[in-house]
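The values are calculated or read from the model by the stated rules, or taken from the named source; none is laboratory data. For clarity, every value in this text was computed on a predicted model and none was experimentally measured. Neighbour counts run over all protein chains shown; Cβ positions are idealised from the backbone, glycine included. Remember, those area values only see protein heavy atoms, side chains included, never the ligands or the DNA or RNA. Shrake-Rupley method; radii C 1.70, N 1.55, O 1.52, S 1.80 Å.
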Amino acid sequence: MEAKNYIAGIWVGASESSPSINPSNTDDVVGVFPRASAADAERAIAAAKAAFPAWSRSGVQERHDILKRVGDEILARKDELGRLLAREEGKTLAEGIGESARAGQIFLFYAAECVRLAGEKLASVRPKIDVEITREPIGVVGIITPWNFPIAIPAWKIAPALAYGNCVVFKPADLVPAMAHALSEIIVRAGIPPGVFNLVMGRGSVVGEAMLNHADVNAITFTGSVSTGKKVAATCVGGMKKFQLEMGGKNPLVVLDDAELPVAVECAVNGAYFSTGQRCTASSRLIVTAGIHDRFIDALSTRLGQLVIDDAVKAGTHIGPVVDQSQLDQNLSYMEIGRGEGAKVAVGGERLTRGTPGFYMAPALFTEVTPSMRIAREEIFGPVAVALRARDYDEALAMANDTQFGLASGICTTSLRHATHFKRNAEAGMVMVNLPTAGVDYHVPFGGRKQSSYGPREQGRYAAEFYTTVKTAYVLA
Ligand code: NAD
């Protein structure tokens, strides 16, 4: 497959290209994709700017119909798209299909939001004057996404951007161009007018930077690492752009003595290891109170030993490969860092070989971890979790909040008192009770606190805060 970028209503090639490789089988080339130049990004921005006046005034029915066609096609093809996703990113087939279905639902949700956008009308405090508060689109929105949710994250940025009347320049992550291309083909087929949606595949340092530095990009929505997010923020502030950042996590899952052990173990297995642990919401810190600690570690270790780690698209695989060599190297180096810090490897952490050459790794669990260790503080972004022992609920809560991140926070307990207290006092944007920290719905806000997020929430109706700007009009009656 030789793919192209989509700029100003035309599929165009680029002078440079690079292959996308299947992490389950590095002999399998998923496709060859263009590496756009800064000039390509500039043409996409110019096209988006030119398309904005007409699109921002287009009828909400037209926008609804286009988004609905996108959602319908994604849902109808979710198995095929899920297979491509699993082949390119390495999450399992079931996870790939689930993520594709979610992307379809997101488009359907925002199709309906097009016809629901409402303003407010109030009486002025001065007589004979009306006040109207309306929401207007922002203009050209630059969308920069990571590799770990290659269709859901683009969907939850592109769909609201278009629904609220903005034009889009979409730069996907370098590792997952095939999914970005497949999604873009669907958006084009749904009848999006030329210039309203542009796909520019290329390097962050080239295409991403060109978007950040361009005066005609009015807003940037970014999901990725904290270090890139900080650069995005600094550049956006310099250009006075609106911006929104979703970044890393080191999410705690607290397990109290009164937890139901099987529930806690399943929350940890799912939250920490599924999707190969490559989720910003992964339960990478397991904070376990003393009375259940040893039973929990034993049960979790046994369960990890039963998981099948293999080719992502193979039936029966529970955990696919790590996404690429550099992420695998990072995970393995954290195994060494943890050992060097004095933590104990309860299970896993070794490189695995399978029938095909891929980036396979055994899911790892560290015990005897203390809160100041690097493995307890830094995002590893792989199938590696650390277990911390807490005296009681109060110490567990303090440990849970002792982090630079604040995306998701979970607790397993049968105590209503502790669950209620945790919900109120966890310093995170999302709190889960007897559920894994990962796994969220598409129609409610998503986002965090501290260094995990910056700016308004994504998803659901709350997305309107970012993708629109509010106007207050005073009218003499
Ligand atoms: P990354 O920061 O390396 O890249 C993210 C995107 O930014 C990519 O498209 C990349 O090409 C682009 N980019 C890189 N340098 C750039 C620059 N100088 N200017 C503009 N754009 C640039 O992140 P990644 O490795 O793709 O993703 C993993 C990270 O994403 C993890 O930290 C994970 O926690 C985070 N993440 C967060 C969420 C969330 O919603 N909070 C969701 C998924 C992933």
>> The conditions are (1) more than 9 Å from the ligand (Cβ to nearest atom); (2) crowded, with 19+ Cβ neighbours inside 10 Å; (3) assigned to a helix (DSSP H, G or I), and GLU185 fails exactly one of them. Which is it?
In response: (2)
> Among the helices (runs of 4 or more DSSP H) confined wholly to the stretch 285-379, which include 3 or more residues that are surrounded by 22 or more Cβ atoms within 10 Å (Cβ to Cβ)?
Replying inline: 290-306, 325-340
> Would you say GLY382 is within 16 Å of the ligand (Cβ to nearest atom) and out of contact with any Asp or Glu (no Cβ under 7 Å at 6 or more places or on another chain)?
Replying inline: yes
> Quick check: is even one residue across the stretch 182-196 outside the structural domain of ILE380 (by TED's automatic domain parsing) and free of Cβ contacts under 8 Å to residues at least 12 places away in the same chain?
Replying inline: yes
> Can you name the residue in the stretch 213-243 that is part of a strand (DSSP E or B) and either open to solvent by 40 Å² or more (accessible area, probe 1.4 Å) or polar (S, T, N, Q) (or both) and is also nearest to the ligand (Cβ to nearest atom) among such residues?
Replying inline: THR223
> Out of the residues in the stretch 210-269 that are within 20 Å of the chain's Cα centre (by Cα) and among the charged types (D, E, K, R), which is nearest to VAL440 (Cα to Cα)?
Replying inline: GLU246
> Within the stretch 244-265, which residues are surrounded by 21 or more Cβ atoms within 10 Å (Cβ to Cβ) and either part of a strand (DSSP E or B) or more than 14 Å from the ligand (Cβ to nearest atom) (or both)?
Replying inline: GLN244, LEU245, GLU246, PRO252, LEU253, VAL254, VAL255, LEU256, ALA259, ALA264, VAL265
> Before we move on, is VAL176 surrounded by 22 or more Cβ atoms within 10 Å (Cβ to Cβ) and not aromatic (Phe, Trp, Tyr)?
Replying inline: yes
> Only one of (1) assigned to a helix (DSSP H, G or I); (2) over 17 Å from the mean Cα position of the chain (by Cα); (3) more than 19 Å from GLY9 (Cβ to Cβ) is not met by TRP156, so which one is it?
Replying inline: (2)
>> Looking only at the stretch 380-419, count every residue that is within 23 Å of GLY338 (Cα to Cα), open to solvent by 20 Å² or more (accessible area, probe 1.4 Å) and part of a loop (DSSP other than H, G, I, E, B) and tell me the total.
In response: 5
> Do we find a residue being modelled with pLDDT of 95 or more and in a helix (DSSP H, G or I) anywhere in the stretch 141-149?
Replying inline: no
>> Return the residues of the stretch 266-284 that are assigned to a helix (DSSP H, G or I) and either open to solvent by 20 Å² or more (accessible area, probe 1.4 Å) or touching a His at 6+ places or on another chain (Cβ under 7 Å) (or both); say none if nothing qualifies.
In response: GLU266, ASN270, PHE274
> Quick check, is SER18 of a type in the set (Ser, Thr, Tyr), at negative phi and surrounded by 20 or more Cβ atoms within 10 Å (Cβ to Cβ)?
Replying inline: no
> Within the stretch 442-459, how many residues turn out to be closer than 22 Å to LEU162 by Cα and in contact (Cβ under 8 Å) with a residue 40 or more places away in the chain?
Replying inline: 9
> When both residues are 6+ apart or on different chains and their Cβ atoms are under 6 Å apart, which pairs have a first residue that lies in the stretch 462-477 and is open to solvent by 60 Å² or more (accessible area, probe 1.4 Å), and a second that is polar (S, T, N, Q)?
Replying inline: LYS471/THR134
